[in-house]
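Asker: Before we start, here is the structure in question, set down as structure tokens.
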Amino acid sequence: MVAVGGGHGTAVTLRAVRRYTSEVTAVVSVADDGGSSGRLRELLDVVALGDMRKCLVALADPVSLLARAFERRFDEGELAGHALGNLVLAGLVEEAGGLVAGVDEAAALLGAAGRVLPATSERVVLKGELHGGAGDQAHVNGQVAVSAAGRIRRVSLVPADPKAPREVLDALAGADQVAIGPGSLYTSVLAALVVPEITAALATTGAQKVLVCNLRAQVPDTEGYDVAAHVGALRAHGVDIDVVLWDGTCPLELGRVDRPVVDRPLAGQNGLVHDPARLAEALSGLLA
């Protein structure tokens, strides 16, 4: 099973997936340029590490002290704002001599029940093209800027053709199921999917491709979007899905979707995030 995206959304998917398979791979965006990840990008010339950290912690033993420490943020001095796990990952990547090898070492330390891979090992910048923009107002650069812009028509990466690790392409080729989302459509999900080799691998994989819908629109990223608009945005970027997993009790409306839609209760008690147990039952049911 492969989960594609980034941030908290993919971490929730991984907590669900580990309940029904130990053969799980996360393919994670590395385009973040905000917070601790952005500072380390500039300071150490590394890709964004924060989303991979979140996914590693999601696959770690829930009672792991080290996993909890990975999420600890310093609040004073020069380290203020940095998550310990980001610093450890940066050190492991350097000592291992490569991004994939360094993240694999972190996974081994955490006892992760699966593998976390970067969508690309290259430093990339997320570029957003805007509806109705002209001249200098036609696009914005950087994940933080794209997230705040709204009116996004499409996103791409700079450079335009970063390579995906061989391990990512092998995982997609051998998968039985690929979960896309939940998460910020343009800045997490598509930020990973628009790596050209990943887009091409998804077009040829025999895996069941599932869109795990968000529970509500994200403002301003997808303000006014329904499920059909999410499906259309994926398709506009060359990604077609097989089935949509949606919670009809939540605020995100369905619209006219031209793919099979499975309506299942997915939200947790607060209604704001997906419940891993419910998501696991729904995804494993689709696979069965």
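Every number in this text was worked out from the coordinates using simple rules, so none of it is lab data. Keep in mind it's a predicted model, so treat the numbers as computed, not measured. Cβ placement follows ideal geometry from the backbone for every residue including glycine, while neighbour counts extend to all protein chains displayed.
Asker: Hey, can you rank 48-61, 158-171 by average C-beta count inside 10 Å, highest first?
Answerer: Packing order, densest peptide first, comes out as 48-61, 158-171.
Asker: Taking 0.36 nm per intervening residue step and subtracting the Cα-Cα distance, what contour gain separates A236 from D45 on full extension? List each step's numbers first, then the result.
Answerer: Numbers: separation 191, 0.36 × 191 = 68.76 nm, distance 3.18 nm.
Length difference between fully extended and current span is 65.6 nm.
Asker: Given the peptides 118-128, 196-206, arrange them by the average over their residues of other C-beta atoms within 10 Å, most packed first.
Answerer: Working: 118-128: 22.9, 196-206: 16.0.
Top to bottom by mean Cβ count within 10 Å: 118-128, 196-206.
Asker: Averaging sequence separations of C-alpha pairs under 8 Å and six or more residues apart, then dividing by the length of the chain, give the relative contact order as a whole percent. Working shown, then result.
Answerer: On the way: 633 pairs, mean separation 55.6, N = 288.
That works out to 19 percent.
Asker: Can you list residues from other chains, or at least 5 along the same chain, whose modelled amide H is less than 5 Å from the amide H of R115?
Answerer: Long-range HN contacts for R115: V24, T25, A26.
Asker: Continuing with this model, one more query. Could you give me the ³J(HN,Hα) list for the range 140-151, computed from phi with Karplus coefficients 6.51, -1.76, 1.60 and θ = phi - 60°, whole Hz, x at Gly and Pro?
Answerer: So the J values, rounded to whole Hz, are 10, 10, x, 4, 4, 5, 5, 4, 8, 6, x, 6.
Asker: Go through the range 42-53 residue by residue and turn each phi into a ³J(HN,Hα) via Karplus (6.51, -1.76, 1.60, θ = phi - 60°); whole Hz please, and just put x for glycine and proline.
Answerer: So the Karplus estimates, Gly and Pro as x, are 6, 6, 10, 6, 10, 6, 5, 10, x, 5, 5, 4 Hz.
Asker: Taking the mean number of other Cβ atoms within 10 Å as a proxy for protection, how do you rank 257-266, 102-111 from highest to lowest?
Answerer: Values: 257-266: 15.5, 102-111: 19.0.
Top to bottom by mean Cβ count within 10 Å: 102-111, 257-266.
Asker: Sticking with this one: For the chain, set up a Gaussian network in which alpha carbons nearer than 10 Å are linked by springs, and say which option among A191, A233, A11 fluctuates the most.
Answerer: A233
Asker: Amide H to amide H under 5 Å from G183: which residues, 5+ apart in sequence or cross-chain, H placed 1.01 Å off N in plane?
Answerer: Those qualifying (amide H under 5 Å, at least 5 residues apart or on another chain) are N214.
Asker: As an exercise, find the ratio Rg/Rh for the range 1-146 from alpha-carbon atoms, using the Kirkwood inverse-distance average for Rh.
Answerer: Details: Rg = 15.9 Å, Rh = 15.8 Å.
In the range 1-146, Rg relative to Rh is 1.01.
Asker: Would you mind classifying the range 51-127 by shape? Square roots of the alpha carbon gyration tensor eigenvalues, ordered a ≥ b ≥ c; an a/c under 1.5 is rounded, otherwise it is prolate if a/b is larger than b/c and oblate if not.
Answerer: Values: a/c = 1.59, a/b = 1.06, b/c = 1.50.
Verdict is oblate for the range 51-127.
Asker: Another question about this same structure. Find out how many positive minus negative residues lie around A83, taking Lys and Arg as positive, Asp and Glu as negative, among other residues whose Cβ is under 10 Å from that of A83.
Answerer: Values: positive: R53, K54, R72, R73; negative: E71.
Here the count lands on +3.
Asker: Roughly how far apart, in whole Å, are the Cα centres of the range 154-180 and the range 209-254?
Answerer: 20
Asker: Something else about it: Name the long-range amide H neighbours of H274: under 5 Å, sequence gap of 5 or more, or other chain; modelled H, no Pro or chain starts.
Answerer: Excluding prolines and chain starts, which carry no amide H, the hits are G268.
Asker: Rounded if a/c is under 1.5, else prolate if a/b beats b/c, else oblate: with a ≥ b ≥ c from the C-alpha gyration tensor eigenvalues square-rooted, which is the range 92-145? Walk me through the numbers on the way to the answer.
Answerer: Working: a/c = 4.97, a/b = 3.00, b/c = 1.66.
Note, shape of the range 92-145 comes out prolate.
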